[in-house]
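Below is one structure, written out as structure tokens, with a few remarks after it.
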2 protein chains.
Amino acid sequence: MQTKTVTIKLDKHCYDIIIGPNLIAQAALQIKHSLQQKDSHQTRLAIITDTNVASLHLETLQKEFTKNKIHTVPIVVETGEQSKSFSTLQNVIDKILSARLERGDCVIAFGGGVIGDLGGFAASIIRRGMNFIQMPTTLLAQIDSSVGGKTGINSKYGKNLIGTFYQPQCVIADTCILDTLPLREFRAGYAEMVKYGLINQPDFFAWLEKNAQEIFSNSPMRTEAIVRSCQFKADIVARDEYETGERALLNLGHTFGHMLETATTYDSNRLIHGEAVAIGMILAHQFSAQLNLINPALTDRIEKHLKAVGLPTQLKDIPGTLPDAETLMALISQDKKVSQDNLTFILTRGLGQSFIAKNVSPDAVLSFLEQKLAKIR
Amino acid sequence: MQTKTVTIKLDKHCYDIIIGPNLIAQAALQIKHSLQQKDSHQTRLAIITDTNVASLHLETLQKEFTKNKIHTVPIVVETGEQSKSFSTLQNVIDKILSARLERGDCVIAFGGGVIGDLGGFAASIIRRGMNFIQMPTTLLAQIDSSVGGKTGINSKYGKNLIGTFYQPQCVIADTCILDTLPLREFRAGYAEMVKYGLINQPDFFAWLEKNAQEIFSNSPMRTEAIVRSCQFKADIVARDEYETGERALLNLGHTFGHMLETATTYDSNRLIHGEAVAIGMILAHQFSAQLNLINPALTDRIEKHLKAVGLPTQLKDIPGTLPDAETLMALISQDKKVSQDNLTFILTRGLGQSFIAKNVSPDAVLSFLEQKLAKIR
């Protein structure tokens, strides 16, 4: 399977997502090309990565750059959500500034969603914006977080509350690197693929139902699924870069999902992001059914597929106890998608017929959560 | 003198700088207008200000908002450059998030350049960008830092190294508020007015020479000078929002100026920004003369005018001792305007004929600094 390219076309900026096997080995040339460099100019790269990815792949990547006479500054942070913090951000920035990297030099985010969010945010605010390249190493990052230019860190008041919109010069997604990904992480990324189908591509959902097994093994189908997912997200981002409209559809399953992540204190032993989204999508469909927007049988079909690939789908699948419904509601209200006192949810009218519901009654959500919790107590 | 408006026209965004006497009293209505609000929508405002401005004007401003049923969250930080720090930024952000302000709510920067830079940066990264309004209370902020969308904080590696480009919804410049400004601060702002003349408006420089006294007293001439300065800066920003070209001209006097500010550890007892720029502009002209670009008599004319209004113009005017030339050079090299090993300076070929010089030899600068320091030893 050869390399494929998805182009993101924004008002002022256009860039490629390059998807295919063994791209790490071509990264240096690709980056020189993306930064439109003359050979005479010696670019320096800061590689932001985490301890996991560093132990598996950093040496390979650095050798590639050294061979191409590119000076690199590796910056390794702890693996996990806790690195999306002010203190880690400040450390990363200090290291880049102390290495005297300039505006025309480049920050590479080499890792999953946490690294992409943290590295992109750092790149966007150092010297008011350095060059930036994403090299996502998880399925979730390849099909979702590396596409679209959202960056950020967490606050004690909620997830991703501090950040910027900042587009990279390019995204390089090596599909072979996913072979070193734990199965649980692969599944979590797969949940976001399913989400794209459920938003507005029923055919893609049906294609996933048929081909999931192929996608989980490293077949050309995997690359195809990544390309289709990136293309879908690229289209939405191109139409709504700053999330003033339809881009919010990408939050399908995320309002409930973030609620569950916060309720489980981002403890990856209990729940990781894609798992929370899987359960969140089922909750969004069940809530839509309760509002008589869809036939409950649709939820069953989706749940069946998510279960088939090993994803959790219900509150009872989360290890440990959850807080009560009032506490969960309070977590939703602090979510940044809240506008004044009306709750905004992504709901659905059928398979692949999601829509932005802006005036959801907090009481209806509370009573829905009470029902759901009652079932597991 | 009635209120005047200068409009900044950018590719994607257009906003007004409103300049005139007693604008605080109209701020609430103006802000409602700028945010294009329906009366039904209750906007909340975070007012970021410093202890000085708070003690003089915060109560007046808040009363105005209360009268107009606008809920305000005042956030008062320490006066001075040290507030452009990571820790103050984090405190400001925490206060805004804990008050549960949303994307559609608004941050007001009510103060001088420090407050504008800090408040604008916070607004730009909270929830990936909140509404933002500048209410500059110093001459420097009214004619320079509030115009053009640069925000930022300092790093131990240099000034303004961390920040964003972020445009406000509007700028409200109350010229009467300048009556409470210490004379030294007024002079420092005036230095940036002079800079606009020296960049490419020789007629404006001559007009300033003639009318400085009127501008220092609160006459209609002051408003006129502020309007002309804002118009000048607005034009440059409109042509080059992200400083990829001619906007760099605004750094006339700033490379030497930042060097002096760093050398004096931002100690306002020794030097404030506009004073550093005044000395920096004279150094830039003297250096241009040394490179045979201008007649030394031009520097004398400019120096005479700056002295006439009470501004420092020479290294010997800075209280205390300065480091040696090598140390000063090292400070210049860490400045963010440096691109690789070539130094970039704004030099001049005559009155109002400044240009961007990209290949200035570090040796020439070093020997120039050695000469200058020799004279004061």
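The values are calculated or read from the model by the stated rules, or taken from the named source; none is laboratory data. The structure displayed is predicted, hence computed values, not measured ones. In this analysis, Cβ positions are derived from the backbone assuming ideal geometry, glycine residues included, and neighbour counts consider all displayed protein chains. SASA here: full protein model, heavy atoms, side chains in, ligands and nucleic acids out. Shrake-Rupley method; radii C 1.70, N 1.55, O 1.52, S 1.80 Å.
Worth pointing out:
- When B:D94, B:D117, B:D50, B:D105 are checked against the criterion of being away from chain A (no Cβ under 14 Å), open to solvent by less than 40 Å² (accessible area, probe 1.4 Å) and charged (D, E, K, R), B:D50 stands alone in meeting it.
- Index of the failed condition, A:H13 passing every other in (1) open to solvent by 50 Å² or more (accessible area, probe 1.4 Å); (2) over 16 Å from A:P168 (Cα atoms): (2)
- Qualifying residue in the stretch B:139-158 (condition: more than 9 Å from every other protein chain (Cβ to nearest Cβ), farther than 19 Å from B:V53 by Cβ, among the basic types (K, R) and more than 12 Å from the chain's Cα centre (by Cα)): no
- Near pairs, Cβ below 8 angstrom, 6+ apart or cross-chain, from the stretch B:346-362 (closer than 18 Å to B:A330 by Cα) to any residue that is in a helix (DSSP H, G or I) and open to solvent by 10 Å² or more (accessible area, probe 1.4 Å): B:P362/B:M329; B:P362/B:S333
- When the helices (runs of 4 or more DSSP H) confined to the stretch B:287-377 are screened for residues that are of a type in the set (S, T, N, Q), under 19 Å from B:G253 (Cβ atoms) and open to solvent by 40 Å² or more (accessible area, probe 1.4 Å), none reaches at least 2 such residues.
- Residue that is nearest to A:L343 (Cα to Cα), among those in the stretch A:234-261 that are open to solvent by 50 Å² or more (accessible area, probe 1.4 Å) and at pLDDT 90 or above: A:E246
- Residue tally, condition open to solvent by 50 Å² or more (accessible area, probe 1.4 Å) and either under 18 Å from A:P21 (Cβ atoms) or in contact with a Pro (Cβ under 8 Å, 6 or more places away or on another chain) (or both), over the stretch A:224-233: 2
- Contact map, the stretch A:77-99: first residue over 20 Å from B:K159 (Cβ atoms), second residue assigned to a loop (DSSP other than H, G, I, E, B) and not basic (K, R), Cβ cut-off under 7 Å, separation 6 or more or different chains; pairs are A:G80/A:S268; A:E81/A:Y266.
- Count of the stretch A:119-149 residues which are free of Cβ contacts under 8 Å to residues at least 40 places away in the same chain and either touching a Phe, Trp or Tyr at 6+ places or on another chain (Cβ under 9 Å) or farther than 22 Å from A:I236 by Cα (or both): 9
- Wholly within the stretch A:137-223, strands (runs of 3 or more DSSP E) carrying at least 3 residues that are open to solvent by 10 Å² or more (accessible area, probe 1.4 Å) and out of contact with any Pro (no Cβ under 7 Å at 6 or more places or on another chain): A:158-162
- Taking the numbered list (1) among the small types (G, A, S); (2) within 14 Å of chain A (Cβ to nearest Cβ); (3) surrounded by fewer than 22 Cβ atoms within 10 Å (Cβ to Cβ) in turn, B:A123 passes all entries but (3).
- Of the residues making up the stretch B:181-234, not one is without any contact (Cβ under 8 Å) to a residue 12 or more places away in the chain and within 14 Å of B:D144 (Cβ to Cβ).
- Test for A:F110: is it more than 8 Å from chain B (Cβ to nearest Cβ), touching a residue at least 40 places away in the same chain (Cβ under 8 Å) and farther than 30 Å from B:T344 by Cα: yes
- Residue satisfying all of: in the stretch B:82-91; more than 11 Å from every other protein chain (Cβ to nearest Cβ) and surrounded by fewer than 20 Cβ atoms within 10 Å (Cβ to Cβ); nearest to the chain's Cα centre (by Cα) among these: B:Q82
- Taking the criterion of being in contact with a Lys or Arg (Cβ under 6 Å, 6 or more places away or on another chain) and polar (S, T, N, Q), the only residue of the stretch A:136-163 that qualifies is A:N154.
- Residue match in the stretch A:32-43 (condition: open to solvent by less than 30 Å² (accessible area, probe 1.4 Å) and at positive phi): no
- Of the criteria (1) at pLDDT below 95; (2) surrounded by 22 or more Cβ atoms within 10 Å (Cβ to Cβ), which one A:R100 fails: (2)
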